[in-house]
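Right, one structure below, let's go through it.
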Amino acid sequence: MEHQEHVIERYERAWIFFGLAMIAVFIILIGYMMMTMGNTNPVGAGRIDPTKVRTEGEFANPRVEQIGNEYVAYVQAFSFGYLPNEMRFKVGRRVTFYITAPDVQHGFQVENTNINVQVIPGEIAKVSYTFSRPGEYRIICNEYCGIGHANMISKLIVEP
Amino acid sequence: MAVQTLIRFDAYADAPEKKYALYMMMLGFSALALGTFFGPLQAFNYGGLDLYPLLKPVFQNYYQGLSLHGVLNAIVFTQLFAQTIMIYLPARELGLRPNMKLAWASFWMALAGLLTAAVPLLLNEASVLYTFYAPLKANWAFYTGAAIFVLSSYISIYVALELWLRWRRANPGKITPLATFMAVTFWLMWFLASLGLVVEMLFLIPWSLGILPGVDPLLMRTLFWYTGHPIVYFWLLPAYTLAYVTLPRLAGGKLVSDPLARLVFVLFLLFSVPVGFHHQFADPGIAPYWKFIHTVLTMMVAVPSLITAFTIAASLEVAGRTNGGKGLLGWITSLPWHNPTVLAFLLGFLAFIPGGAGGIVNASFNLNQNVHNTVWIPGHFHLQVGTLVTMAAMGTAFWLIPHLTGKPLVARGLAVASQWLWFLGMFLMTFALHWMGFLYAIPRRAHIAGSPVAMEAFKESSAWMALNIVSGVILLVAAVLFFYVIFATALQNRREPEKVLGEVPFSEAISKPEGSSLARLTERVGFWFGLAVLLVVLAYGPVLYQMFTNMLPVPGVRLW
């Protein structure tokens, strides 16, 4: 038993060391990938009174604007849809989305991309992305927003 | 009748804590029975099969059912099980009686809170799901009942700590026995962790009563996740405690290291709480560097689980070899798979391995982008809480109910079958959900079966959807078998104390705490708690301060 105890303790130390090393590698990789591989994590771009989203400011006029070689989109996510209804972009150009909600929380996930935003009333979310393949992309609300939540699916079109 | 009353009285006269533990646990399993009923309906929904129209006069819609499923299973059942195990085990281990007046006060308070919250839930007045994100606004009784329910755990904290301190005064200089040490660190962790929810309720209750015109949705969300992640360790640690304290003995062996088990619980005390932003990676309004800090801290919480994986596996190997298992893997087949309790833990831990790996994916700031709020997430936590935690509770019920009541387990074969089926059903379902979320971006918590738009959009995943239906049927059968076994056991008239476990099966340790410097170090519970508070202040303080001083109140709406 005495012998067995020492054997187990040796393996145990090795396992803990392995675990810590694995976690250190993961953390370094996460940091490295975020810095080098086109970070698409949403960030805050200021705040807005949600009761005025529909009437005042940039979001009262939801739209896609072309500025030089890039696009800027002002998007309203509401129960149960998105404005503008249809967004079109040219492939290979950088698109910056600004998204907010006038009512409750919503999601803004674009399938087959890394765009996945928690839309929170009062907060303006900003995320940039360059579509590298033309086609239709579904936009899916992935946060419960009321009885019609599952119907809240829209699309954007990337033209060649 | 008089004789019956007398026998009933006798059954608990020498151990009133047994009656308390039995009532707490059975209330928990009753809540779980109703909550679990909505589980297969969920699986069917993700298989494109909508059964909610059939429930129409009683239950109004999918989101009401889902709210009941989440609240009853994840808040009510888990807390009541913790209030059972993390009071009863230390009381038995120390041979001391907990303050019974307060213990019963916690029971009645939990029941009162549960009933108060149940009314709006059952009337479709609180279909805001388990997360109740503002500005969706439920009836005030939902928030008030939930607050009363959660606050009943504060009585449990006091009862456990008072028990421990009483023992300490009588045994100066001695190292706290293991189960008690686990209970003490567990309850301290929960005290620190629950503060977010308690503060959130201070906003939501006046808001739902119309006293506050609005609340800040981001602040509410942040307070929710302050509690909402550590709450998973609040669910998990009773299961770990049972795995460390009872499983080695039940499997026929010993716990390999007692000091290491203490280290695990100290690490959970330290790292459970300051990790909530990993649920908010996709949120605007929290700076990326704070999210990265929480990523690092979240990764640290994996360490105690990695140690647990080793210690439990090594203890099981000792058990298997003691039972006569030979060779590299022979010890596995020598484990008592026919014992429904051991079986439940073995299968639960098996599911916990892919669940843990998925958890590391979710905790990774960048990878999370692909799975955030998709069905990958319920796939993940049904491996963790739906499989390991629930199976640990189910498996424990198979010996604990007989132990508490003196009534032998009914239909042992069905108990074994229920665990195999539960494991199989959960494995199929979570497998399907992971892929549906990752490959097809199917959103979680969405009534897709009731939406032709969604069914058209997600039709490519129909093969995975079929798997959900199969798993729903399997899980329904498993649940029926399980609840039959425990309620038939608890409600029978036969008491045969000689046929049940007379004492809690506490395991002996190979590497003991006496003389271990690690065990001595972990014994300084006050110091570790202080350090945990400091970590929380550093990881949350500046962000919360800014949110509290810049609130943007938003009025509530009801959209269901």
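The values are calculated or read from the model by the stated rules, or taken from the named source; none is laboratory data. Note that the structure is a prediction, hence the values are computed from the model and not measured. Here the Cβ is made from the backbone with ideal geometry for all residues, glycine too, and neighbour counts use every protein chain on show. When the accessible area is computed, the model is the full protein with side chains, heavy atoms only, and any ligands, DNA or RNA have been set aside. Shrake-Rupley method; radii C 1.70, N 1.55, O 1.52, S 1.80 Å.
Summary table below
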item	result
Per-residue ³J(HN,Hα) for the range B:248-253, Karplus 6.51 cos²θ - 1.76 cosθ + 1.60, θ = phi - 60°, Hz, x for Gly and Pro	x, 5, 5, 7, x, x
Cα shape, the range B:309-413, gyration tensor, a/c 1.5 rule	oblate
For the range B:144-252, alpha-carbon Rg relative to the globular expectation (2.2 N^0.38 Å, N residues)	1.37
Size of the B/A contact, given as accessible area buried on both chains, probe 1.4 Å, in Å²	5200
Other protein chain Cβ atoms within 10 Å, averaged over every residue that makes up B:215-227	2
B:K254 long-range amide H proximity, modeled H, under 5 Å	B:A319
Rel. contact order, % - alpha carbon contacts under 8 angstrom, at least six apart, chain B	20
Computed [θ] at 222 nm, helices only, for the protein assembly as shown once each DSSP H run of length n ≥ 4 contributes -39500 (n - 2.57)	-20000 deg cm²/dmol
Virtual spin-label span in nm between B:L491 and B:W337, 7 Å along Cα→Cβ	3.3
Average projection area in nm² (convex hull over Cα atoms of the range A:1-154, one quarter of hull surface)	13.9
With every protein chain in place, chain B: carbon and sulfur % of accessible area (1.4 Å)	72
Partners for B:K254 among lysines (Cα-Cα distance below 20 Å; same-chain residues under 8 apart left out)	B:K326, B:K512
Three-way shape label, chain B, alpha-carbon gyration tensor, a/c 1.5	rounded
Paired Rg and Dmax values of the range A:3-44, which use every Cα atom, in angstrom	17.7, 58
Chain-alone versus full-assembly comparison, the range A:111-137, residues with accessible loss of at least 40 Å² (1.4 Å probe)	A:N114, A:N116, A:Q118, A:I120, A:E123
Mean Cα-pair separation over length for the range B:98-210, i.e. relative contact order, pairs under 8 Å, 6 or more apart, %	32
Residue-normalised accessible area of chain B, expressed per residue, 1.4 Å probe, Å²	34
³J(HN,Hα) computed for each position of the range B:370-377 - Karplus, 6.51 cos²θ - 1.76 cosθ + 1.60, integer Hz, glycine/proline x	7, 10, 3, 6, 9, 5, 3, 5
Rounded to the nearest 20 debye, dipole of the range A:70-135 from Cβ charges on Lys, Arg, Asp, Glu	360
Nearest-10 value in Å² for the accessible area of B:W290, using the 1.4 Å probe	40
Cut-off under 5 Å, modelled amide H: who pairs with B:L501 long-range	B:H403
With DNA, RNA and ligands ignored, accessible area of B:L476 (1.4 Å probe; Å², nearest 10)	70
List B:F427, B:F38, ordered by accessible area with a 1.4 Å probe, largest first	B:F427, B:F38
Partners for B:K499 among lysines (Cα-Cα distance below 16 Å; same-chain residues under 8 apart left out)	B:K407
Inverse of mean 1/r across different Cα pairs in the protein assembly as shown, Kirkwood, Å	26.5
Heavy-atom accessible area, 1.4 Å probe, ligands and nucleic acids excluded: residues of the range A:141-160 down by at least 10 Å² from chain alone	A:N142, A:E143, A:Y144, A:C145, A:G146, A:I147, A:H149, A:A150, A:N151, A:I153
Positive-end residue of A:T96, A:A45, A:G107, charge dipole of the range A:43-154 with Cβ unit charges	A:T96
Solvent-accessible ranking of B:I360, A:I28, B:I312, largest area first, probe 1.4 Å	A:I28, B:I360, B:I312
Links that overshoot a 31 Å alpha carbon limit, given the list B:K18/B:K137; A:K90/B:K137; A:K90/A:K126	B:K18/B:K137; A:K90/B:K137
In Hz, Karplus ³J(HN,Hα) per residue of the range A:93-110 (6.51, -1.76, 1.60; θ = phi - 60°; x = Gly, Pro)	10, 6, 10, 10, 9, 10, 10, 8, 10, x, 10, 10, 6, 9, x, 9, 10, 9
Relative contact order (%) - criterion: Cα under 8 Å, at least six apart; region: chain A	22
Solvent exposure, largest accessible area first (probe 1.4 Å, DNA, RNA and ligands not counted), of B:L32, B:L115	B:L115, B:L32
Prolate/oblate/rounded label for the range B:57-207 (Cα gyration tensor, a/c 1.5)	prolate
Aspartates and glutamates whose Cα lies under 14 Å from that of A:K155, excluding same-chain neighbours fewer than 8 positions away	A:E86, A:E111, A:E136, B:E456
Span from the the range A:22-62 Cα centroid across to the the range B:419-486 one, whole angstrom	31
Ordering of B:463-469, B:85-91 by burial proxy (mean other Cβ atoms within 10 Å per residue, highest first)	B:85-91, B:463-469
Under the Debye formula (equal points on every Cα, no solvent term), log10 I(q)/I(0) of the range B:1-102 at q = 0.18 Å⁻¹	-0.85
Residue among B:L501, B:L535, B:F548 farthest towards the positive dipole end of the range B:496-550, charges placed on Cβ	B:F548
Complex-versus-alone comparison for the range B:39-72, residues with a loss of 40 Å² or more in accessible area, probe 1.4 Å	B:Y63
Area accessible to solvent at B:L306, 1.4 Å probe radius, in Å²	40
Amide hydrogen neighbours beyond the local backbone of A:V75, cut-off 5 Å, H modeled	A:Y98, A:I99, A:T100
